[in-house]
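The numbers here are math on the coordinates, done by the rules we state, and not lab data. Here the structure is a predicted model, which means the values were calculated and not measured. Note that each Cβ is placed from the backbone with ideal geometry, even for glycine, and that neighbours are counted across all protein chains shown.
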Amino acid sequence: MLAKLLIAFLLLQAKQPSKAVADFQEWRSHQPANADYFDVTAHYREHLKQAGLTDEQIRSAFQEIEATRWDRIYSAPNPTFNTVPNAFLMEIANGRKPGRALDIGVGQGRNSIFLAKTGWDVTGFDISEQALKVTQQSAQTAGVKVTTVKASMQEYDFGTAKWDLIVATYEGADWHEKAIRGLKPGGIVVIEGFYRAPGTPPGARKCFPRPPGPARLRA
Ligand SMILES: C[S@@+](CC[C@H](N)C(=O)[O-])C[C@H]1O[C@@H](n2cnc3c(N)ncnc32)[C@H](O)[C@@H]1O
């Protein structure tokens, strides 16, 4: 009886969203149902600011909200996020001498596993528990090793002159300074993501061409 009660309690705990997530869900339920997620989160960020939360409190709330969202996506029977390695990364890595690679927001591991298969020593981190689980399962199936770490890009220690390659596909931008420090001389960063052209109407978030000219991170 006691064991049953304990199991019921644990199941209940497991299903309860954290306060940050519950608050967001409640707030979101009052927003237009078809509102774009990126606009909704931008408004919610503003809402939390107005409510007097500090930047750190807002960051922490969003970390929980995002981790929950991605856990749900990766737990779905047919996860909707692409599982094929990123084409731009494949193009850039092709012919490059493998070394140490860091995958920011490893997701389901599509890029880490591709790199590991081609000889790279890969570490990937993510805030989503489920992301790391799926990555490890896929790495095992592929017969390769990928080191995974549960951490956010704000928390993760990129080290100094440690990585030959840093990958950030469809990640935020809260890691640039650390990546510059973490790159070995001659190392490269591969970035692919959404670009919102100035004047883009709210709700439009298709992949825009990146700004003309080479993008370069300056140390
Ligand atoms: C759009 S998916 C991209 C996944 C992977 N980079 C790829 O291209 O397949 C975004 C990933 O970033 C993770 N993420 C979101 N916020 C993060 C943060 N602050 N730090 C680290 N990972 C984060 C999510 O959990 C999710 O797995």
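Summary of values
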item: Segment GLN16-ALA151, length gained on full extension (0.36 nm per residue, minus Cα span); result: 46.4 nm
item: Summed residue charge, Cβ within 10 Å of VAL167's Cβ, Lys/Arg positive, Asp/Glu negative; result: -3
item: Residues whose placed amide H lies under 5 Å from that of ILE188, excluding near-sequence neighbours; result: LEU165, ILE166
item: LYS97-THR160 FRET efficiency (beta carbon distance; Förster radius 35 Å; 0.05 resolution); result: 0.95
item: Zone of ALA173's modelled label, taken as backbone nitrogen in region 44-73 under 18 Å from a point 7 Å along Cα→Cβ; result: 45-46, 59
item: GLY107 long-range amide H proximity, modeled H, under 5 Å; result: none
item: Spin-label model distance (nm) - ARG28 vs MET90, 7 Å beyond Cα toward Cβ; result: 3.2 nm
item: Point-charge dipole on Cβ atoms (K/R +1, D/E -1) for region 87-192, about Cα centre, debye to 20; result: 420 debye
item: Gyration tensor (alpha-carbon) shape descriptor, region 87-192, a/c threshold 1.5; result: oblate
item: Charge dipole (region 87-192, unit charges on Cβ, about Cα centre) - positive-most of ILE180, LEU115, ALA87; result: LEU115
item: Vicinal HN-Hα couplings computed from phi for region 44-49 (Karplus, 6.51 cos²θ - 1.76 cosθ + 1.60; Hz; Gly/Pro x); result: 5, 4, 5, 4, 5, 5
